[in-house]
Structure formats: C-alpha cells, structure tokens
C-alpha cells in the first residue's frame, strides 16, 4: 500500500460527522532542528547502498499553522511571513508554481474535505538550514489530518512529509528533517532501504542542560545558497570518488562517537568531533562554504576560542552551530558580531509535532 492509499484509508477509517468538527479551529506547530552529524548519509542514493544515520535535536523555534474551517468549498492559504495569499476551489486544485506549494501539496495528499483558511508562519527564514521546510510541512500535515479526522502515527506522518517534499514537489534533499521535526527531542535516526529507526538518546537532564549551555547559534545574515551540493554528492558516489565515499562513512561513524560523548558527559570531546564533522563535510563538498560568510564566521569563532561548529544545512548561508566553553562565549559572540553574524538564543525542545483544537480565533 502506498502512502497515498494509507492516508486515504486512515481518513476514511476515522472520518466523523462534520457537525461540530467544522466549528473548531485546528492549530499545529512543529519544531526546527539542529543536526550534529550524519547529513548526507540520509540521502536515498546513499542509504539504499550503505548505512546512514544522523544525530540531531529539536529546538524551541517552530513552524505554525492555524486552520479555520469555512462554510463553502474555497481554500485560502496565507503566509504571514511572506505576505502572500493563494485562493482556489476544492474542486479545482492549483498548479505547483513556487507559491506556497508545500500547503498545496499537503491538501492534495490529504484532501480538504471542505473549505478552509490556512495561516502559516515560521520562526526561521527560508534557507536557514534549520529544517524549516520540513517543520512547516509537518505542521500542515498535522493540522489538515486532524481536521480531516485522519489517524496517523509518527512514522506515517514523517514518511508522508518526505513524500510531499521529495516526490510531489521534487525538492532535492534527504530524509532526516521530516523525522526530526515529527518525533522531536535528541535522537539517533538511522536510515535503511525499507525503514527509518528513531531512537531517543538517553542522557541525564544535567548533561543535556550543560550541552545546551555550550552551544551558540549564529545567523550568517543570508539564506542558504543552492549550490547543487546534493546532486554533486550523488554524482561523486556514482563515480566512486574516494574522498566522498570515505567522507560519508566517517560522518556516519561520527554520529555514534558524538552520541557516546554526550551520554558520557565528555562535552569538549563532542565539540572536537563537531569540528571534525565540519572539516569532513568540506572535504566531501569543497564548495560547501568556500569563500562564503559562513566560512569566515566559523574561522572568526575558532580564532576567538570556539572548539567546534557545524554549518546547518547545505550551502554557504543560513545558521552556524558553534560549540564553545562558556567562559569564552562573550569573546566568540563579539567576534561573530563584528564579522556580521547575528547570535540567536535558543534551547532544546523535546516535543515534536503538536496539534490541538481551539475555540478562540
């Protein structure tokens, strides 16, 4: 059974009378994430042939969706961030033209079942490298499926998210973000040809709080550039390029070494591994940050005392994650600011996708 069939079956199985349900506003939010290592091994061309894994955690920044039922057969989707609106009829779905396509595709998959107004917004700009597209897709799926009465578990929600982005909209990318935002928390996510396994990392709250206190987020001031990195990696793997294949195997190993360092409370070791991961990503994709503001900011942070860091997402923009001893953070923040970076306060959030009903507009 395909995911499309599964969602339709779930919707039919749990459908309810529209009376009462149609009067209720539905809200959803899903968290953004920071990924520590393993990015690239979550791409289908890799994990279908080799082991893949990612270590990541969700943070207290979210994508939000509010669904207001309508009494007609019209759909209105409004982005509060972009200031744009799309209108269409339930019986006449729109084309994918780059304007609010994630919302269109989710409705296309799940069905509207009646008119609705959707309002969407996000705590991160597009191209931030924080998994914002998948977080927004998760929130859209959560809101629409709850409105429709569909009963989907976390694995089904995450897989549907992946299919909306990668199959319906043909957005090139991996599989980590969809699972990270749906499940929430600090997780080891392992990728296999036929399944994805999500394992929460068991760690004391003291160590988790300590790890959080050693991490900084810095926005480069620019959206992530599309450098064709995913396509180049796939081509390098097909051609058997040693630096790419060896590098991806090393990123996979680093996932487990980082997990052990966190569980054991060896946080400075974790920071060193984070730095190795950064260097390995640059070896795999030399154009990842070469000559970009992200690369300059990372060098400034290291010069001011940071131990390690990670460019979040592909491309030379978006956010940098920095690991730094707490006594050096003032110096690091100052250096980043002088170089054009913008520090962002954040904390870990253990919760994934959440949906709820509301009687208040």
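Considering each of 39, 22, 113 in turn, give the residue that is touching a strand residue (DSSP E or B) at 6+ places or on another chain (Cβ under 7 Å), farther than 30 Å from residue 216 by Cβ and modelled with pLDDT under 95.
22
Which ones in segment 52-79 are under 23 Å from residue 310 (Cα atoms) and surrounded by 15 or more Cβ atoms within 10 Å (Cβ to Cβ)?
Those that are under 23 Å from residue 310 (Cα atoms) and surrounded by 15 or more Cβ atoms within 10 Å (Cβ to Cβ): 52, 53, 54, 55, 56, 57, 58, 59, 61, 62, 63.
Out of the residues in segment 88-103 that are closer than 16 Å to residue 126 by Cβ and in contact with a strand residue (DSSP E or B) (Cβ under 7 Å, 6 or more places away or on another chain), state the one that is surrounded by the most Cβ atoms within 10 Å (Cβ to Cβ).
Top of the filtered list is 103.
Being out of contact with any strand residue (DSSP E or B) (no Cβ under 7 Å at 6 or more places or on another chain), crowded, with 18+ Cβ neighbours inside 10 Å, modelled with pLDDT of 95 or more and outside the structural domain of residue 39 (by TED's automatic domain parsing) is true for just one of 322, 307, 262, 284. Which residue is that?
262
Among the numbered criteria (1) buried (at least 17 other Cβ atoms within 10 Å of the Cβ); (2) touching a helix residue (DSSP H, G or I) at 6+ places or on another chain (Cβ under 9 Å), which one does residue 219 miss?
The failed condition is (2).
Can you tell me which residues in segment 325-356 are assigned to a strand (DSSP E or B) and either in contact with a helix residue (DSSP H, G or I) (Cβ under 7 Å, 6 or more places away or on another chain) or at pLDDT below 95 (or both)?
To start, the set of residues in segment 325-356 that are assigned to a strand (DSSP E or B) comprises 342-344, 348, 354-356.
Hits for segment 325-356 are 342, 343, 344, 348, 355.
Does at least one position in segment 224-233 carry a residue that is surrounded by 18 or more Cβ atoms within 10 Å (Cβ to Cβ), more than 29 Å from residue 303 (Cα to Cα) and either touching a helix residue (DSSP H, G or I) at 6+ places or on another chain (Cβ under 7 Å) or not assigned by TED's automatic domain parsing to the domain that holds residue 339 (or both)?
Yes.
Here are some conditions: (1) modelled with pLDDT of 95 or more; (2) under 18 Å from residue 178 (Cβ atoms). Residue 46 meets all but one. Which one does it not meet?
Checking residue 46 against (1) modelled with pLDDT of 95 or more; (2) under 18 Å from residue 178 (Cβ atoms), the one that fails is (1).
Inside segment 56-174, counting only helices (runs of 4 or more DSSP H) that do not spill past its ends, which hold 2 or more residues that are under 17 Å from the mean Cα position of the chain (by Cα) and closer than 17 Å to residue 184 by Cα?
Once the helices (runs of 4 or more DSSP H) in segment 56-174 are filtered for at least 2 residues that are under 17 Å from the mean Cα position of the chain (by Cα) and closer than 17 Å to residue 184 by Cα, what remains is 132-148, 154-162.
Condition (residue is over 26 Å from residue 326 (Cβ atoms), touching a strand residue (DSSP E or B) at 6+ places or on another chain (Cβ under 9 Å) and in the same structural domain as residue 126 (by TED's automatic domain parsing)) applied to segment 165-175: is it met by at least one residue?
yes
For segment 207-223, give me each residue that is assigned to a helix (DSSP H, G or I) and in contact (Cβ under 8 Å) with a residue 12 or more places away in the chain.
Listed by number, the residues that qualify are 207, 208, 210, 211, 212, 213.
Condition first: closer than 22 Å to residue 173 by Cβ and out of contact with any helix residue (DSSP H, G or I) (no Cβ under 7 Å at 6 or more places or on another chain). Can you find one or more residues in segment 81-92 that meet it?
Quick first cut of segment 81-92, residues closer than 22 Å to residue 173 by Cβ only: 81-82.
Filter again for out of contact with any helix residue (DSSP H, G or I) (no Cβ under 7 Å at 6 or more places or on another chain), leaving 81-82.
Yes, segment 81-92 contains at least one residue that is closer than 22 Å to residue 173 by Cβ and out of contact with any helix residue (DSSP H, G or I) (no Cβ under 7 Å at 6 or more places or on another chain).
The values are calculated or read from the model by the stated rules, or taken from the named source; none is laboratory data. Just so it is clear, the model here is predicted, and its values are computed rather than measured. Positions of Cβ are generated from backbone atoms using ideal geometry, with glycine treated the same way; all protein chains shown enter the neighbour counts.
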